[in-house]
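Participant: Got a structure for you, questions after.
The values are calculated or read from the model by the stated rules, or taken from the named source; none is laboratory data. Just so we're clear, the structure is a prediction, and the values are computed from it rather than from any experiment. FYI the Cβ positions are ideal-geometry reconstructions off the backbone, even for glycines, and counts take in every protein chain you see. The protein model used for the area step is the full one, side chains on, heavy atoms only, and it has no ligands, DNA or RNA in it. Shrake-Rupley method; radii C 1.70, N 1.55, O 1.52, S 1.80 Å.
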Amino acid sequence: MESSSFFTINDEQIELSQVVNYLQVSGRLNQFINDVVRQYILEKEIKNRNDVDISTALIEQAIIDFRLKNQLTDQEQFQNWLTNNGTDYGTFYESVSFSFKLEKLKVVITEPKLPEYFIERKIYLDRVVLSRIMVSTRELAEELQTQIQEGGSFEQLAKEYSLADEKTFNGMMGPISRGSLPDILRACVDGANMGELIGPIEIEGTFNLFRLENILLSSLENVQLKQSLQNELFEKWLGEKIQNVTVKLQVS
């Protein structure tokens with residue numbers, strides 16, 4: 001492949017080979033190639049599908065909304081904005097169209113897999129709120145357990161005796177991913193009622209009393225969570241596509 005001028009800096013032509021060299025020296029060539037391959041795969045996928053089409057009316061309305069939001073209703077202002085951002089209306093239109101099609105592609109690719117993926121991830125998505133008193137001996141933990149069962153203040157005892165940082169918050173922890181809890185603690189939490197005292201439990205050489213404050217169950221009805229899982233699934237799908245692509249760099 002013949003070397004070609006890529007752009008100019010201070011009227012000096014920068015050849016494509018020099019651009020590649022700059023990227024290599026700066027350690028950013030692999031990311032650049034990955035970005036190109038990613039875009040190639042996405043555009044090819046969108047082009048070859050008939051289930052991600054977007055109406056022109058939707059795209060045009062999105063452009064109108066963008067111009068209103070950014071105070072670019074005047075045609076000359078809008079044209080200046082396009083020029084300053086190194087684009088033109090046709091390219092801008094294609095960019096907006098691509099963003100809509102990409103979001104639709106995400107839904108099409110991930111929707112069938114989402115329920116099963118949610119179940120796989122649920123243990124890490126569900127959260128619990130716990131309060132904790134951490135001490136160095138089992139004897140002290142059992143003594144504090146007895147005091148609490150006899151009406152003593154968990155919060156006050158946490159302030160006085162706990163070795164954990166959260167003692168300044170009356171022992172309150174969390175929210176904590178249920179999946180990140182040690183197995184022994186998760187089993188106890190799963191069988192506990194709200195407000196119930198748990199322990200003493202030995203964890204990494206310390207003895208801990210816990211109180212279950214709240215359980216925050218995840219749900220696909222949570223729009224933000226659903227979008228996050230869709231993004232995870234889509235990136236997995238795209239990553240597999242990228243791994244199966246053969247790339248050859250040909251720059252003289």
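Participant: Inside segment 148-164, can you point out the residues that are aromatic (F, W, Y) and open to solvent by less than 30 Å² (accessible area, probe 1.4 Å)?
Facilitator: Step one: of segment 148-164, the residues aromatic (F, W, Y) are 154, 161.
Correct list: F154 only.
Participant: Identify, from the list Q39, Q31, Q13, the residue that is without any contact (Cβ under 8 Å) to a residue 40 or more places away in the chain, touching a strand residue (DSSP E or B) at 6+ places or on another chain (Cβ under 9 Å), loosely packed, with under 13 Cβ neighbours inside 10 Å and more than 17 Å from Q250 (Cβ to Cβ).
Facilitator: Just a single option satisfies the conditions, and that option is Q13.
Per-residue answers, yes or no, for (1) assigned by the TED database to the domain that holds E43; (2) crowded, with 17+ Cβ neighbours inside 10 Å; (3) modelled with pLDDT of 95 or more:
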position: E166; (1), (2), (3): no, yes, no
position: N170; (1), (2), (3): no, no, no
position: G174; (1), (2), (3): no, no, no
position: R186; (1), (2), (3): no, no, no
position: G205; (1), (2), (3): no, no, no
position: R211; (1), (2), (3): no, yes, yes
position: Q224; (1), (2), (3): no, no, no
position: L229; (1), (2), (3): no, yes, yes
position: T246; (1), (2), (3): no, no, no
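Participant: Show the residue pairs meeting these rules: Cβ distance below 6 Å; 6+ apart or different chains; first residue within segment 206-221 and touching a residue at least 60 places away in the same chain (Cβ under 8 Å) and among the aromatic types (F, W, Y); second residue open to solvent by less than 50 Å² (accessible area, probe 1.4 Å) and not in a strand (DSSP E or B).
Facilitator: So the pair list comes out as F207/A141.
Participant: Looking at (1) among the β-branched types (V, I, T); (2) more than 34 Å from the chain's Cα centre (by Cα); (3) within 22 Å of R121 (Cβ to Cβ), find the lone condition where V189 falls short.
Facilitator: That leaves (2) as the condition not met.
Participant: Can you tell which of S99, S95 is over 30 Å from P182 (Cβ atoms), assigned to a helix (DSSP H, G or I), within 20 Å of the chain's Cα centre (by Cα) and outside the structural domain of S162 (by the TED database)?
Facilitator: Of the residues listed, the single one that is over 30 Å from P182 (Cβ atoms), assigned to a helix (DSSP H, G or I), within 20 Å of the chain's Cα centre (by Cα) and outside the structural domain of S162 (by the TED database) is S99.
Participant: Separate question: Filter segment 124-147 down to residues that are surrounded by fewer than 16 Cβ atoms within 10 Å (Cβ to Cβ) and either free of Cβ contacts under 8 Å to residues at least 60 places away in the same chain or among the β-branched types (V, I, T) (or both) and give me whichever is nearest to L185 (Cα to Cα).
Facilitator: That would be Y124.
Participant: When only residues in segment 231-244 that are exposed (fewer than 10 other Cβ atoms within 10 Å of the Cβ) and either in a loop (DSSP other than H, G, I, E, B) or not polar (S, T, N, Q) (or both) count, which is nearest to the chain's Cα centre (by Cα)?
Facilitator: Taking segment 231-244 first, the residues exposed (fewer than 10 other Cβ atoms within 10 Å of the Cβ) are 240, 243-244.
After this cut, where a residue has to be either in a loop (DSSP other than H, G, I, E, B) or not polar (S, T, N, Q) (or both) as well, the list is 240, 244.
On the way: E240: 19, N244: 24 Å.
Going through the qualifying residues, I end up with E240.
Participant: For segment 72-99, which positions are open to solvent by 60 Å² or more (accessible area, probe 1.4 Å) and among the hydrophobic types (A, V, I, L, M, F, W, C)?
Facilitator: W81, the sole residue that qualifies.
Participant: Inside segment 127-196, counting only helices (runs of 4 or more DSSP H) that do not spill past its ends, which hold 2 or more residues that are farther than 26 Å from L217 by Cβ?
Facilitator: Answer list for segment 127-196: 138-149, 154-161.
Participant: Run T73 past the list (1) under 22 Å from K106 (Cβ atoms); (2) touching a helix residue (DSSP H, G or I) at 6+ places or on another chain (Cβ under 9 Å) and report the number of the one that doesn't hold.
Facilitator: Unmet for T73, out of (1) under 22 Å from K106 (Cβ atoms); (2) touching a helix residue (DSSP H, G or I) at 6+ places or on another chain (Cβ under 9 Å): (1).
Participant: Being assigned by the TED database to the domain that holds F98, at pLDDT below 90, in contact with a helix residue (DSSP H, G or I) (Cβ under 9 Å, 6 or more places away or on another chain) and farther than 17 Å from S95 by Cβ is the requirement here; does V37 meet it?
Facilitator: So V37 does not fit the description; no.
Participant: On the basis of being under 30 Å from P112 (Cβ atoms) and either among the β-branched types (V, I, T) or without any contact (Cβ under 8 Å) to a residue 12 or more places away in the chain (or both), does K236 make the cut? Outline the logic, then answer.
Facilitator: On the way: under 30 Å from P112 (Cβ atoms): yes; either among the β-branched types (V, I, T) or without any contact (Cβ under 8 Å) to a residue 12 or more places away in the chain (or both): yes.
It is true that K236 is under 30 Å from P112 (Cβ atoms) and either among the β-branched types (V, I, T) or without any contact (Cβ under 8 Å) to a residue 12 or more places away in the chain (or both).
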